[in-house]
1. For region 204-219, which residues satisfy the criterion of being open to solvent by 20 Å² or more (accessible area, probe 1.4 Å) and over 16 Å from Leu153 (Cβ atoms)?
2. Of all residues in region 16-69 being among the β-branched types (Val, Ile, Thr) and closer than 11 Å to Ala5 by Cβ, which is most open to solvent (accessible area, probe 1.4 Å)?
3. Within region 25-46, track down each residue that is free of Cβ contacts under 8 Å to residues at least 40 places away in the same chain, outside any helix (DSSP H, G or I) and not acidic (Asp, Glu).
4. Among the residues of region 178-192, write down those that are loosely packed, with under 15 Cβ neighbours inside 10 Å and either in a loop (DSSP other than H, G, I, E, B) or touching a residue at least 60 places away in the same chain (Cβ under 8 Å) (or both).
5. Regarding region 229-248, can at least one residue be identified that is of a type in the set (D, E, K, R), under 20 Å from the mean Cα position of the chain (by Cα) and modelled with pLDDT under 85?
6. Evaluate the following for Gln74: is it at pLDDT below 90, in contact with a helix residue (DSSP H, G or I) (Cβ under 8 Å, 6 or more places away or on another chain), within 23 Å of Ala111 (Cβ to Cβ) and open to solvent by 10 Å² or more (accessible area, probe 1.4 Å)?
Amino acid sequence: MRLRALIADDEPLARERLRFLLSGQEDVEVAGECRNGREVIAALRESRFDLLFLDIQMPGTDGFEVIEQMGPVQMPVTVFVTAHHQYAVQAFAVNALDYLTKPVEAERLQATLVRVKERLASQAALTTQEQLHSLLMRLEKDGATRQGFPKRLLVHHGAKDSFVNVGDIEWIEAADYYACLHVGSKRFMFRETIKQLSKTLDPEKFVRIHRSVIVNVDQVSEIFREGQSEGSVVLKTGQRLRMSKAGLQGALIVEP
């Protein structure tokens with residue numbers, strides 16, 4: 001994953017040097033620059049950044065005030081960059097990942113980027129663990145049979161009609177005014193839209209993870225988060241299905 005970085009410093013030469021050093025990093029993109037704290041707050045509220053290089057002494061709102069106004073939870077991974085040593089203790093007190101002094105040296109920056117990637121990898125792993133825990137809780141909670149949801153669906157299959165057990169359906173994909181039911185190696189076309197099916201099937205068993213995909217949660221083996229707005233699930237069969245932001249932040253990670 002390419003990291004989106006924001007550079008905040010009121011000194012043009014400092015921004016230029018940091019931008020130059022980061023230009024040699026293939027997995028880091030300088031996605032924005034700010035000259036003062038007010039611009040930093042506006043940028044963070046408008047766009048998503050993975051990494052913030054934040055000067056401390058800036059006109060108006062300083063670096064610490066930026067964190068105070070945004071709140072630590074809303075901050076990307078933050079690395080303070082300053083010409084002053086006396087703020088180090090205060091910087092780590094607000095959960096800054098690192099503290100670089102100007103002029104920033106290439107070797108020191110490289111070591112910082114290694115730590116940044118480790119931090120982001122740990123956060124992603126924790127999120128995935130929480131998603132799996134939430135999903136397992138849903139599967140284990142209240143095993144009583146639920147009423148009011150179909151156990152079988154009547155589908156057209158060639159020259160005949162067949163019954164498909166709902167529990168055997170692994171996943172469902174949209175196909176215009178039909179829905180394609182995936183059951184093992186077989187596919188059945190069902191004359192209902194995926195929107196209609198999402199209201200018909202048991203929502204605790206069948207979750208709409210994308211506008212064109214419904215998945216049987218009993219068939220899910222792994223959940224992956226890929227950035228802030230994308231993800232995927234892997235079924236027990238190995239089939240990988242795309243998951244939208246709504247699926248990622250909603251049905252699969254929120255306990256009922």
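The values are calculated or read from the model by the stated rules, or taken from the named source; none is laboratory data. What you see is a predicted model, and the numbers here were worked out from it, not measured in a lab. Cβ coordinates were reconstructed from backbone atoms using ideal geometry, including for glycine residues, and neighbour counts include every protein chain displayed. SASA here: full protein model, heavy atoms, side chains in, ligands and nucleic acids out. Shrake-Rupley method; radii C 1.70, N 1.55, O 1.52, S 1.80 Å.
1. Selection gives Glu204, Arg208, His210, Arg211, Ser212, Asp218, Gln219.
2. At the first step, the residues of region 16-69 found to be among the β-branched types (Val, Ile, Thr) are 28, 30, 40-41, 56, 61, 66-67.
Next, only the ones that are closer than 11 Å to Ala5 by Cβ stay: 28, 30.
Working: Val28: 6, Val30: 48 Å².
Filtering first and then ranking leaves Val30.
3. Val30, Ala31, Gly32, Cys34, Arg35, Asn36
4. Within region 178-192, Gly184, Ser185, Arg191 qualify.
5. yes
6. Values: at pLDDT below 90: yes; in contact with a helix residue (DSSP H, G or I) (Cβ under 8 Å, 6 or more places away or on another chain): yes; within 23 Å of Ala111 (Cβ to Cβ): no; open to solvent by 10 Å² or more (accessible area, probe 1.4 Å): yes.
So Gln74 fails the test.
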